[in-house]
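> The structure under discussion is supplied below as structure tokens; questions concerning it will follow.
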Amino acid sequence: MRITGLKRGLSFPLGATVTADGVNFCVFSKNCYYIELLLFESVESPTPTDVIRLDPQQNRTFYYWHILVEGLKNGQLYGYRVHGPFDPQTGLRFDGKKVLVDPYSKAIAVGKNYDRRPATRPVDTAHSCMKSVVVDSRAYDWEGDLPLHRDSRNSFIYELHPRGFTRNTDSGIAPEKCGTYLGLIEKIPHLVELGVTEVELLPVQQFDEQDAPAGKLNYWGYSPISFFAPHCGYASAKDPLAPVREFRDMVKALHKAGIEVILDVVFNHTTEGDHTGPTLSYRGFENRAYYILDQNRANYANYSGCGNTFNANQSIARRMILDSLRYWVSEMHVDGFRFDLATVLSRDEWGQPLRSPPILWEIESDPILAGTRIIAEAWDASGLNQVGSFVGHRWAEWNGVFRDDVRRFIRGDSGTIRGLANRISGSPDLFPTDDWEPDRSINFLTCHDGFTLRDLVSYNHKHNDANGENNRDGMDENFSWNCGAEGVTTDVSVERLRIQQIKNFLTVLFLSQGTPMMQMGDEAGRTQNGNNNAYCQDDEGTWFSWKGVQTNREVFEFTRAIVAFRRSLGVFRMHRLWVQEGDTIIRWSGVKLWEPDWADHSHSLAYRLQEPGHHQQVFVILNSYLQDLAFELPGTERGLAWHTVIDTSKPAGSDFVSETARRKYESKSYLSRARSCSVLITDRLT
């Protein structure tokens, strides 16, 4: 690095932009006195090599501070000191001793000397800070890659942790690639074999791993410090530009395999936390702009449950969210976003819910984002639940009601049949039927937050003791059932029933209208030993065990087969809900043909699916009762007969019958075993 000159610079674009002459730096701060730009030689440098003071007369346009530093290049490390009034009672928290991360950083370097604790105290943090990195987005060959824009009606979303997916030593990946973007590339064949069309990555926007209970690391990543920079901890190489380069390599490789990339983005809060938290970036630049403050402006409104709430509908913050999303699409080629606690983004600058939130409409209508998948977790930590009432015309929603209703039915609870029928048929009781496309309901049974599928059938209660919070954290009601023994067991009958219950869950998930989503490792029996809130467990207890693909081959093969079966049926590619008035696409049945038992004591339901204009029928039988039940089958047209496809009560090899192995089913009724699911399809006589 060698500075050859200084110029006034421009107020756009925000962040650090490489030009023909050097690097233009620009940041927003309204109420500060002056700003210093700090340049560092390396990530471990305890002091800056250069401190450049920005003159309020020469280097400020409105509330934007800017300067062009000639001679700087791609990869330069930098930070800011922002000097101004420290007056928490008025919401101002400037502290000129803190070295701040640029809110528009495209990369962040975190050295061995990083420590968030000094940033909570009135001390100099140059020796312990994160450092921003200058990134020249032109310096990468995409080889013609672009976002895929796949038809979402064929989607199968696979939620995975970018580190946990390949961190385990049994992954077969070179040690230096385990738990990295490049390591994920090597496991793409597994995703392809499973039939995945979209990976939903847990947060990859740079987060603070130290934002966790003492002695632990933040594993999930829901503690962002930058909305633009890919997390440096997932890069295999250690140079400051490696995270950007390797993230792009991963996206490009997934696209070549036909798999889209969805980012789990956290715009509802940051890692700076409440009034006792560290000053790392936003609060040091302009606290009143970036956060929703309490009536006592020294404190933060906490609709996120994480100490603070990002001020998403304030003009500066709103623009930054949009700039971030546009950047990830245009410069990083991602295909979509899942918005964590998205209802927070519907609150105004004072925390009140808005009927027409500007930021949500702008995301939906932005032309750069027009082809992306946008998915809302339509609730927040303060009780605002908007499932079925989230704004917009193309937002998809995580369907938590699907999760709970299906779990209760499979467990054998009473009073679940009508709810189950609604979930199977696209949740018409939740979502409007006039212009609602069924793929906008993201149906899931498990996700990062809660039990794994294996634990759902192995534990009645959460076991979160390892988190150090005396098992108080995490959900208390999981609608789970341990099948007769809590946790690990040698009882063969219990183990057999658990496998059967897993198959039951998968059958309902993939044969319901909506977009199915699975959690990483559910196809391979991944367990967290009953921990349903493993946010701070970065160890073998949360990582994907690749041995499980073989030791749980029965579940893996069943999952792969039912994904392919669903994709073969045109009824799952329809643009509209099955249950619109006058339709006969879905027809409910019971033990007696076309006579479903809707009573609270009922524990079984059957349904027929038939695509308009097609002769083929699919008949699904769901029995969570403790006894076997015989279900009458519908008649078939001449030349066709019923063939069994799925029977979860049968062992591996017989539980799913391939197309070539199917044979005519002779009986006019089907005996559904206790706690099992069965699927038949009409086909040519054989």
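> Output the residues belonging to the range 71-111 that are farther than 17 Å from R53 by Cα, of a type in the set (A, V, I, L, M, F, W, C) and more than 31 Å from the chain's Cα centre (by Cα).
Across the range 71-111, the qualifying residues are F86, L92.
> Let me ask something additional. Identify the residue in the range 395-411 that is in contact with a helix residue (DSSP H, G or I) (Cβ under 6 Å, 6 or more places away or on another chain) and closer than 29 Å to R150 by Cβ and, among all such residues, is surrounded by the most Cβ atoms within 10 Å (Cβ to Cβ). Before you say what the answer is, go through the steps one by one.
Initially, the range 395-411 is screened for residues in contact with a helix residue (DSSP H, G or I) (Cβ under 6 Å, 6 or more places away or on another chain), giving 396, 402, 405-406, 409-410.
From what's left, closer than 29 Å to R150 by Cβ: 396, 402, 405-406.
Values: A396: 24, F402: 29, D405: 24, V406: 26.
Per the stated criteria, the residue is F402.
> For the range 627-636, give me each residue that is over 12 Å from Q617 (Cα atoms) and in a loop (DSSP other than H, G, I, E, B).
The answer is Q627, D628.
> Taking the conditions exactly as written (assigned to a helix (DSSP H, G or I) and of a type in the set (D, E)), does E557 satisfy them or not?
Answer is yes for this residue.
> Pairs please, first residue from the range 300-329 and free of Cβ contacts under 8 Å to residues at least 24 places away in the same chain, second anywhere and aliphatic (A, V, I, L, M) and assigned to a loop (DSSP other than H, G, I, E, B), Cβ atoms under 9 Å, 6+ apart in sequence or on different chains.
Cβ pairs passing all conditions: R319/L14.
> A follow-up question, please. Taking only pairs six or more apart or across chains, which ones have beta-carbon atoms under 6 Å, a first residue in the range 348-377 that is more than 18 Å from H269 (Cβ to Cβ) and modelled with pLDDT of 95 or more, and a second residue that is of a type outside the set (D, E, K, R) and part of a loop (DSSP other than H, G, I, E, B)?
P358/N313; E364/G392; I374/W395
> Which residue, of P213, P203, is touching a Gly at 6+ places or on another chain (Cβ under 7 Å), within 24 Å of V135 (Cβ to Cβ) and either part of a loop (DSSP other than H, G, I, E, B) or among the aliphatic types (A, V, I, L, M) (or both)?
That would be P203, the only listed residue that is touching a Gly at 6+ places or on another chain (Cβ under 7 Å), within 24 Å of V135 (Cβ to Cβ) and either part of a loop (DSSP other than H, G, I, E, B) or among the aliphatic types (A, V, I, L, M) (or both).
> Go through the residues of the range 7-21 one by one and say whether even a single one is closer than 18 Å to A109 by Cβ and of a type in the set (K, R).
Looking through the range 7-21, none of the residues is closer than 18 Å to A109 by Cβ and of a type in the set (K, R).
> Please go through the range 266-277 and pick out each residue that is surrounded by fewer than 24 Cβ atoms within 10 Å (Cβ to Cβ) and either free of Cβ contacts under 8 Å to residues at least 12 places away in the same chain or touching a Ser or Thr at 6+ places or on another chain (Cβ under 9 Å) (or both).
G273, T276, G277 - these are the residues of the range 266-277 that are surrounded by fewer than 24 Cβ atoms within 10 Å (Cβ to Cβ) and either free of Cβ contacts under 8 Å to residues at least 12 places away in the same chain or touching a Ser or Thr at 6+ places or on another chain (Cβ under 9 Å) (or both).
> With respect to R338, determine if the residue is buried (at least 18 other Cβ atoms within 10 Å of the Cβ), over 22 Å from D102 (Cβ atoms) and touching an Asp or Glu at 6+ places or on another chain (Cβ under 6 Å).
In short, yes.
> Also, quick follow-up: Select from the range 158-187 the residues that are closer than 23 Å to M332 by Cα and either surrounded by fewer than 20 Cβ atoms within 10 Å (Cβ to Cβ) or not assigned by TED's automatic domain parsing to the domain that holds V334 (or both) and list them in ascending order.
Hits for the range 158-187 are K177, E186, K187.
> Any residue at all in the range 287-299 that is in the same structural domain as G351 (by TED's automatic domain parsing), surrounded by fewer than 23 Cβ atoms within 10 Å (Cβ to Cβ) and over 19 Å from K30 (Cα atoms)?
No, there is no match, as no residue in the range 287-299 is in the same structural domain as G351 (by TED's automatic domain parsing), surrounded by fewer than 23 Cβ atoms within 10 Å (Cβ to Cβ) and over 19 Å from K30 (Cα atoms).
> Identify, please: which residue in the range 412-435 is touching a Ser or Thr at 6+ places or on another chain (Cβ under 7 Å) and either within 24 Å of M518 (Cβ to Cβ) or at pLDDT below 90 (or both) and is, among those, surrounded by the most Cβ atoms within 10 Å (Cβ to Cβ)?
Taking the candidates together, the pick is G426.
Every residue, every condition in (1) surrounded by fewer than 15 Cβ atoms within 10 Å (Cβ to Cβ); (2) over 30 Å from A212 (Cα atoms), yes or no:
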{"site": "E523", "(1), (2)": "no, no"}
{"site": "G530", "(1), (2)": "no, no"}
{"site": "Y535", "(1), (2)": "no, no"}
{"site": "D538", "(1), (2)": "no, no"}
{"site": "R566", "(1), (2)": "no, yes"}
{"site": "H601", "(1), (2)": "yes, yes"}
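> Here's something else I'd like to know. Quick check on the range 637-664: of everything there that is in a loop (DSSP other than H, G, I, E, B) and crowded, with 16+ Cβ neighbours inside 10 Å, which residue is modelled with the lowest pLDDT?
Checking each candidate, the answer is R662.
> Going by the conditions given, is T47 among the polar types (S, T, N, Q) and either in contact with a Pro (Cβ under 9 Å, 6 or more places away or on another chain) or within 28 Å of D136 (Cβ to Cβ) (or both)?
yes
> Also: Suppose we filter the range 221-250 for residues that are part of a helix (DSSP H, G or I) and either in contact (Cβ under 8 Å) with a residue 12 or more places away in the chain or not assigned by TED's automatic domain parsing to the domain that holds I188 (or both); how many remain?
Within the range 221-250, residues that are part of a helix (DSSP H, G or I) and either in contact (Cβ under 8 Å) with a residue 12 or more places away in the chain or not assigned by TED's automatic domain parsing to the domain that holds I188 (or both) number 11.
> Another question about this same structure. Name the one entry in K73, K30 that is exposed (fewer than 15 other Cβ atoms within 10 Å of the Cβ), touching a helix residue (DSSP H, G or I) at 6+ places or on another chain (Cβ under 7 Å) and not hydroxyl-bearing (S, T, Y).
Just one listed residue meets the conditions, K30.
> Hey, another quick one. Among the numbered conditions (1) within 18 Å of G164 (Cβ to Cβ); (2) of a type in the set (G, A, S); (3) not in a loop (DSSP other than H, G, I, E, B), tell me where A253 comes up short.
(1)
> Please go through the range 596-617 and give me each residue that is assigned to a strand (DSSP E or B) and out of contact with any helix residue (DSSP H, G or I) (no Cβ under 7 Å at 6 or more places or on another chain), ordered by number. Outline the logic, then answer.
Keep residues of the range 596-617 that are assigned to a strand (DSSP E or B), which gives 604-609.
Listed by number, the residues that qualify are S604, A606, R608.
> Residues that are more than 30 Å from L146 (Cβ to Cβ), among the small types (G, A, S) and modelled with pLDDT under 95: does the range 197-215 have at least one?
Yes: the range 197-215 contains one or more residues that are more than 30 Å from L146 (Cβ to Cβ), among the small types (G, A, S) and modelled with pLDDT under 95.
> Follow-up. Assess whether S304 counts as being at pLDDT 95 or above, surrounded by 18 or more Cβ atoms within 10 Å (Cβ to Cβ) and under 21 Å from the mean Cα position of the chain (by Cα).
Yes: the conditions hold for S304.
> Further, regarding this structure: Between a first residue in the range 585-607 that is on the phi < 0 side of the Ramachandran plot and a second residue that is among the charged types (D, E, K, R) and surrounded by 18 or more Cβ atoms within 10 Å (Cβ to Cβ), which pairs have beta carbons less than 9 Å apart while being 6 or more apart in sequence or on different chains?
Taking only residues 6 or more apart or on different chains, the pairs are I586/R608; R587/R608; W588/R608; S589/R608; Y607/R587.
The values are calculated or read from the model by the stated rules, or taken from the named source; none is laboratory data. All values derive from a computational prediction rather than experimental measurement. Every residue, glycine among them, receives a Cβ derived from its backbone with ideal geometry; neighbour counts consider all protein chains shown.
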